[in-house]
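Single-structure report; data block below.
The values are calculated or read from the model by the stated rules, or taken from the named source; none is laboratory data. Treat the numbers as computed from the prediction; the structure is a model and nothing was measured. Cβ coordinates were reconstructed from backbone atoms using ideal geometry, including for glycine residues, and neighbour counts include every protein chain displayed. Calculation scope for accessible area: heavy atoms of the full protein, side chains included, ligands and nucleic acids excluded. Shrake-Rupley method; radii C 1.70, N 1.55, O 1.52, S 1.80 Å.
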Protein chains: 4
Amino acid sequence: MQQLAGLYPPIPTPFDEQGKLDLHWLEANLARWSAQPLDGVVMPGSNSEAAFLTAEERVAIWQVCADVLKGSGKRLIAGTGAETTAETIHFTTTAAELGATAALVLPPYFYKPSLTHEVLVEHYQAVAAASPIPLLVYNVPAFTGVDFALPTLLKLAEHTQIVGIKDSSSNIVKMAEVLAQRPDFQVFAGTGSALLPFLSIGAAGGIMALANVAAFPLRRLYDAFRERRMEDARKLQMAVVALNSALTTRFGVSGLKYAMDQTGFYGGPVRRPLLPLSAQARAEFDRILAEVHPLLAG
Amino acid sequence: MQQLAGLYPPIPTPFDEQGKLDLHWLEANLARWSAQPLDGVVMPGSNSEAAFLTAEERVAIWQVCADVLKGSGKRLIAGTGAETTAETIHFTTTAAELGATAALVLPPYFYKPSLTHEVLVEHYQAVAAASPIPLLVYNVPAFTGVDFALPTLLKLAEHTQIVGIKDSSSNIVKMAEVLAQRPDFQVFAGTGSALLPFLSIGAAGGIMALANVAAFPLRRLYDAFRERRMEDARKLQMAVVALNSALTTRFGVSGLKYAMDQTGFYGGPVRRPLLPLSAQARAEFDRILAEVHPLLAG
Amino acid sequence: MQQLAGLYPPIPTPFDEQGKLDLHWLEANLARWSAQPLDGVVMPGSNSEAAFLTAEERVAIWQVCADVLKGSGKRLIAGTGAETTAETIHFTTTAAELGATAALVLPPYFYKPSLTHEVLVEHYQAVAAASPIPLLVYNVPAFTGVDFALPTLLKLAEHTQIVGIKDSSSNIVKMAEVLAQRPDFQVFAGTGSALLPFLSIGAAGGIMALANVAAFPLRRLYDAFRERRMEDARKLQMAVVALNSALTTRFGVSGLKYAMDQTGFYGGPVRRPLLPLSAQARAEFDRILAEVHPLLAG
Amino acid sequence: MQQLAGLYPPIPTPFDEQGKLDLHWLEANLARWSAQPLDGVVMPGSNSEAAFLTAEERVAIWQVCADVLKGSGKRLIAGTGAETTAETIHFTTTAAELGATAALVLPPYFYKPSLTHEVLVEHYQAVAAASPIPLLVYNVPAFTGVDFALPTLLKLAEHTQIVGIKDSSSNIVKMAEVLAQRPDFQVFAGTGSALLPFLSIGAAGGIMALANVAAFPLRRLYDAFRERRMEDARKLQMAVVALNSALTTRFGVSGLKYAMDQTGFYGGPVRRPLLPLSAQARAEFDRILAEVHPLLAG
């Protein structure tokens, strides 16, 4: 089974002031992440405004990512979920051809009441059967309204090409139930504040917005855990919690892009309907960044 | 204000056995609906597998609809919602150019936690400002996870180009609250079982999957209500409830397409990941159709 | 089958300034309601702070209600739901002995995940078997988190002693589904803004906080509907919507008691943890009451 | 601040075949738990059928618990939450007089829409002000439908007498947010499968149904964590997951009592409306118990 263990940022998509995709800034950001203690990048994820991208934009982005990461030893995990099985397969095979190591597959989510266990299983099995690269299930009910039940996850885990999950719901009990039955399933924390608890029950790592700007402390946390320096790990976990909240539940993608702009990356504008941070939110964010700033350095 | 009062089916999208869009069957279905007591069609809506269509398919469909309906006195209400404001505007202006009378605008729904009152209001106001045709808000939290709050609806109703709502959540209390303050807002029942209650508080009509196969009894119900034959209206409402449930919450789009196939239209297959009805579901559906069959005739 | 059709207020429980039950004010209020066009009272319901009453207080209240209503032709519908089947039976039989015509039975609601179809059916059937008076199911998921599914309601409706439902969730589609299969099931609107829509599909009446202070306009609405003066009915429905919201979802029991105090009844304080209305809320309430005031007179 | 760190079972309430409280069996069970590596007991909690107990039964139970635990060095944490502030204070002071070390305080939960931040804060502050013993907030939204928000918890944590929380929602991210700002707040895992992840971020222990029958492996897990034997801790955590699910989400209180009966305690019947396990559920439970059996021994 392909081992994907490690730390990954789901990276934002850079747009220019007109809202157009800006691949130069993407390249520049990638170069910077490549020099940080990350195991690769996930693109596009929720934090990448994936829902706002056209099919052509996705492909153009993957090409840049694959080019920059080639030879770096870093992995590209491609976000390939779409509403139809056919389009999901199309994206997954395209990403694989372009050099993605694995795919993070968001489920269809519009026809929620029809997305039964059977429909989800048949969908993922069809994608897995057609995919040359391993798949991670992407569970993010806050955005999709679809929450994978334990029996569905256990069924999907039987397929050799479905190797893990990013659980953005941070359902630690369900993940423990999965890992108790499938210790090799590669579980990834979906948010930075859950990394240490996830690691404690055997998770493979994290795919976390926080890793975009806080790769160094997250790596130190990860290493501390692996070296059983639990008190160090706990302190590092506590130290990044406020920044993590600001980047995710409190200020969303607008907040993440703002933080990128403040920390040496290109964040740039979000696409509408999302709105930029208010002056008040920026001030609050600055306060949080100032507090955590010493920690972010390499 | 453009008056849209009446009964509309959100029509299914015909696909062939390979899942390809089949415009000939669309034309044939449209010809049949045109001869029924309907005020037009909505396309694409949730029942049209809108979430499964490419941008090109939407445009091709609108062209056929506009061509067939031209001169018939029937309205085309185009489904134009998308995840970005820019794409929603693009779809809305395109549909208007092709001859749509109005647009039914699904909100963005992926970044739910960011879709605040302010974000929704700015989004719809931007679309309304750019649109040459009036807009209906489309509230369908069962699919989107976004439920328009009363203050948001009242704010949107202030815009002259935002003329009404299809409320698939059948929230009769909220609709009464809207109509008590905005009696001219054109409220449409979003499901066939709610038509009479919605009419009783001043709704303008219904946009209902049920109208695809039951235009005649729904029109009789509508007329009975307008003629204050309340007992007739109630009996007609009761008579279509079981079929309505089968077409919507019980069997979803697969059920609607099955019913189309059984009643003289072309339903055809759904796109994956949706699955066709099981043999058991078909048998149950046949039983319901047989019971209601005499009622469906013109 | 016992016919309960009509309009009922779930009446508040009067407490004195120390939070003690005040039976004199209860008597005074009852005398006033008896002179209004109501078919009886429901006591205790959610609006009666039922969750805050001891078993002894319930019994004392029923005695007063039964005494005052005796010979008036008005019905006492007793709220008898409790967490255990045994206690629910005890309350139901006690209320019957004291003279209640029927019981409104809230389901158990703490062990939500265990309250399966089977558990709810066995519970209600056991209560019905032991009860000398007919039962109404009380569906109020906003408070209980328990929402009766259609199959459960249809199963309960088979029991001759389970004669109807108060549906405070205003689920007009589900009620249509119930009435389509069980036209004799006595469905009551659970909030004043839903009365007309409920009547349109065959409901038996309403059990509504609004009836505490607006018996006259609700009766006029009811009569207008029965006489097929639909436009009058609609206008009356629209006219009471703002007051209804204020009495229920906007300001809760504190709002209802405030409105009582402003309209010639004794409202008095709520029990803690509920808090009295803020000055701002009272001002808003006064504005709403002033607007609707001419309508409230007999 | 009173330190409560450790492992506690929320113990079931023994009833006889007629559903009557059986204090002899309670005593016998307590004697057995006293000999196990537990730091005390919680009584009554959700697992104790607290919602089914009369006020008199609660007091009788506390007396027995206090008597048996006296001098054992084990703590009695009393469940004292009720719907009114007055009753919650009454239960809390009564429990303190009878010898409880602390109180686990369920919030009021019927009038959910009225239970704002302000109402919850005033309620808990009033209880804390009146209480001679420290309080733990009890967050169990699966049963109450009330989920404490971060700002509410942070506000409550400012009171010296409110010393911690049992979080049965296992919201690891929220607990990290609390602990990042209030490292001394005593957070307890509310279910056995979350113990290790909770400990990893600085939790004080667990209050877990699982501890009723699995005190030994839970203590070994706890000790392994404290001695930084993380791989041992993880294996123990994984080993108890299936039993934990069976005792809680899968089979509820009926399951817990069944497991008690199979492991040397008195479980006995649940009160109605809860139903005993079906034959099929018992067989499934036996299978799970057989698998985990070697682990349960001291």
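Side notes on the structure shown:
- Where A:Asp184 falls short, out of the listed (1) open to solvent by 10 Å² or more (accessible area, probe 1.4 Å); (2) within 12 Å of chain D (Cβ to nearest Cβ); (3) charged (D, E, K, R): (2)
- Here B:Leu115 qualifies as crowded, with 16+ Cβ neighbours inside 10 Å and within 12 Å of chain A (Cβ to nearest Cβ).
- On the stretch given as segment D:244-274, residues that are without any contact (Cβ under 8 Å) to a residue 40 or more places away in the chain and either farther than 27 Å from C:Ala82 by Cα or outside any helix (DSSP H, G or I) (or both) total 4.
- Qualifying residue in segment A:48-62 (condition: surrounded by fewer than 21 Cβ atoms within 10 Å (Cβ to Cβ), in contact with a strand residue (DSSP E or B) (Cβ under 6 Å, 6 or more places away or on another chain) and within 14 Å of chain B (Cβ to nearest Cβ)): yes
- The listed residue being in contact with a Pro (Cβ under 9 Å, 6 or more places away or on another chain) and closer than 30 Å to B:Val240 by Cβ, out of B:Lys174, B:Lys166: B:Lys166
- Among the candidates C:Leu221, C:Leu275, C:Leu195, C:Leu179, residue that is at pLDDT 95 or above, crowded, with 18+ Cβ neighbours inside 10 Å and more than 23 Å from C:Phe148 (Cβ to Cβ): C:Leu221
- Single residue of segment A:23-39 satisfying the filter (open to solvent by less than 30 Å² (accessible area, probe 1.4 Å) and either among the aliphatic types (A, V, I, L, M) or part of a loop (DSSP other than H, G, I, E, B) (or both)) that is nearest to A:Tyr222 (Cα to Cα): A:Leu38
- For segment D:66-93, filtering for residues that are farther than 22 Å from D:Ile165 by Cα and not small (Gly, Ala, Ser) leaves 4.
- Unmet criterion (only one of (1) without any contact (Cβ under 8 Å) to a residue 24 or more places away in the chain; (2) of a type outside the set (A, V, I, L, M, F, W, C); (3) within 18 Å of A:Arg234 (Cβ to Cβ)) for A:Glu158: (3)
- Residue check, A:Phe285 touching a residue at least 60 places away in the same chain (Cβ under 8 Å) and open to solvent by less than 30 Å² (accessible area, probe 1.4 Å): no
- Meets criteria (farther than 29 Å from B:Met230 by Cβ and of a type in the set (S, T, N, Q)) for C:Gln181: no
- Near pairs, Cβ below 7 angstrom, 6+ apart or cross-chain, from segment D:36-50 (within 17 Å of D:Leu7 (Cα to Cα) and free of Cβ contacts under 8 Å to residues at least 12 places away in the same chain) to any residue that is outside any loop (DSSP other than H, G, I, E, B) and among the β-branched types (Val, Ile, Thr): none
- Residues in segment A:193-205 that are assigned to a helix (DSSP H, G or I) and either under 18 Å from A:Leu156 (Cα atoms) or at the interface with another protein chain (Cβ under 9 Å from one of its Cβ atoms) (or both): A:Ser193, A:Ala194, A:Leu196, A:Pro197, A:Phe198, A:Leu199, A:Ser200.
- Residue count, segment D:124-139 (criterion: crowded, with 23+ Cβ neighbours inside 10 Å and either within 12 Å of chain C (Cβ to nearest Cβ) or free of Cβ contacts under 8 Å to residues at least 24 places away in the same chain (or both)): 2
- With respect to the conditions (1) within 14 Å of chain A (Cβ to nearest Cβ); (2) in contact with a His (Cβ under 7 Å, 6 or more places away or on another chain); (3) among the hydroxyl-bearing types (Ser, Thr, Tyr), D:Ser170 falls short on a single one, namely (2).
- Taking every residue in segment C:206-226 that is more than 17 Å from C:Thr263 (Cα to Cα) and within 13 Å of another protein chain (Cβ to nearest Cβ) and pairing it with any residue that is open to solvent by less than 10 Å² (accessible area, probe 1.4 Å) and assigned to a loop (DSSP other than H, G, I, E, B), at least 6 positions away or on another chain, yields no pair with a Cβ-Cβ distance below 6 Å.
- Qualifying residue in segment D:250-273 (condition: within 14 Å of chain A (Cβ to nearest Cβ) and either within 30 Å of D:Leu153 (Cβ to Cβ) or of a type in the set (Lys, Arg) (or both)): yes
- Only one of the numbered conditions (1) closer than 18 Å to D:Ala209 by Cβ; (2) within 14 Å of another protein chain (Cβ to nearest Cβ); (3) surrounded by 21 or more Cβ atoms within 10 Å (Cβ to Cβ) is violated by D:Thr88, and that is (1).
- If you go through segment C:157-180 and keep only what is basic (Lys, Arg) and in contact with a Gly (Cβ under 9 Å, 6 or more places away or on another chain), you end up with just C:Lys166.
- Qualifying positions in segment C:3-20 - surrounded by 19 or more Cβ atoms within 10 Å (Cβ to Cβ) and more than 15 Å from C:Leu76 (Cα to Cα): C:Pro14, C:Phe15
- Count of segment D:158-173 residues which are more than 14 Å from D:Phe188 (Cβ to Cβ) and open to solvent by less than 30 Å² (accessible area, probe 1.4 Å): 1
- Residues of segment A:227-238 that are assigned to a helix (DSSP H, G or I), surrounded by fewer than 21 Cβ atoms within 10 Å (Cβ to Cβ) and more than 8 Å from chain D (Cβ to nearest Cβ): A:Glu231, A:Asp232, A:Lys235.
- The requirement of being of a type in the set (A, V, I, L, M, F, W, C), under 14 Å from A:Ala103 (Cα atoms) and touching a strand residue (DSSP E or B) at 6+ places or on another chain (Cβ under 6 Å) is satisfied by A:Val42.
- The set of residues in segment C:92-110 that are within 14 Å of chain D (Cβ to nearest Cβ) and open to solvent by 10 Å² or more (accessible area, probe 1.4 Å) comprises C:Leu106, C:Tyr109.
- Just so you know, in segment A:68-80 the residues that are assigned to a loop (DSSP other than H, G, I, E, B) and open to solvent by 10 Å² or more (accessible area, probe 1.4 Å) include one that is farthest from the other protein chains (Cβ to nearest Cβ), and it is A:Gly71.
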